[in-house]
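The values are calculated or read from the model by the stated rules, or taken from the named source; none is laboratory data. Owing to the predicted nature of the structure, the values given are computational and were not obtained by experimental measurement. Glycine also receives a Cβ, built like all others from the backbone with ideal geometry; neighbour counts cover every protein chain displayed. Remember, those area values only see protein heavy atoms, side chains included, never the ligands or the DNA or RNA. Shrake-Rupley method; radii C 1.70, N 1.55, O 1.52, S 1.80 Å.
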Amino acid sequence: MPTDFDSIVILTGAGISAESGLATFRGPDGLWEGHRVEDVCTPEALARNPALVHRFYDERRAKLAEVAPNPAHEALAALDRAWSGDLLIVTQNVDDLHERAGASRLLHMHGELNSALCAACGKAVAWVDPLPPGSACTGCGAPSLRPDIVFFGEMPYDMERIEEALAQADLFVSIGTSGAVYPAAGFVQMARHYGARTLELNLDPSAGSSYFEESRLGPASELVPELVRDLLG
């Protein structure tokens, strides 16, 4: 694989955090931590049963204290520190493992567990404690804080910036994604349209594997450090 790239965009999904012990977004049984995704990750679910939705994300937030970044997160953080060109890590994950590994050129397109969003004024604030329904916003005072998670039917964050980065990318890498959740699943086609080389690193072929010029199969904790070593020479 050539390494004469300047601008890199990396997309990470649940597969990169699975080796740290976090459940993938939708398991083989179609459930996320024992719940139908439709019951914990839609605006309708929040309106119908706010106690369940808040409790679900409280439990996911608490789980973060039990896990640590793995070699894949650490390798991307090393790339972030060493890469002199443009780099953007876009994650679909809502955990904080990229940050804890040391990555800084990072966007959470689907929100963050350690953040609360005011449904009234739109202000987001750092949040690491339980978040019961009716918690008050520190900005406007409304009792409207909710998990800062992009639910199905809501617009992912920073799409304009992501699309600009994809248009400039020389290399697009997808790591540990299902290739089935849009708009992220369409990033490979956008990157190819603008002329980027495309590479997939995944445990198994994804729903979008056929769109990539190259796919490497195996654990992220092995494949990602190998890629970073190649890129950094």
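Points worth noting:
- Fully extending the segment from ARG100 to ARG36 would add 20.1 nm, taking 0.36 nm per residue of separation and subtracting the current Cα-Cα distance.
- The candidate values were [x] 34, 19, 15; [y] 44, 23, 14; [z] 31, 18, 17; the one computed from these coordinates for semi-axes √(5λ) of the Cα gyration tensor in Å carries the label [z].
- The residues of the chain expose on average 45 square angstrom of accessible surface per residue, using a 1.4 Å probe on protein heavy atoms.
- For ALA82 and GLN168, a Förster radius of 25 Å and the Cβ-Cβ distance give a FRET efficiency of 0.80, rounded to the nearest 0.05.
- Beta bridges per DSSP with both ends in the chain, % antiparallel, nearest 5: 30
- Spin-label pair ASN114/THR138, simplified geometry with 7 Å Cα→Cβ offset, distance in nm: 1.4
- Among beta bridges that DSSP assigns inside the range 8-119, antiparallel share in %, nearest 5: 20
- Helical mean residue ellipticity (222 nm; -39500 (n - 2.57) per DSSP H run of 4+; nearest 500) of the chain: -9000 deg cm²/dmol
- Theoretical gain in end-to-end length, ASP4 to GLU226 [0.36 nm per residue, Cα-Cα removed]: 78.3 nm
- Of all accessible heavy-atom area on the range 76-233, the percent that carbon and sulfur account for (1.4 Å): 50
- Amide H contacts of LEU11 (H built 1.01 Å from N, under 5 Å, at least 5 apart or other chain): VAL90, VAL173, SER174, ILE175
- Taking 7 Å steps out from each Cα toward its Cβ at VAL125 and VAL67 produces label points 2.7 nm apart.
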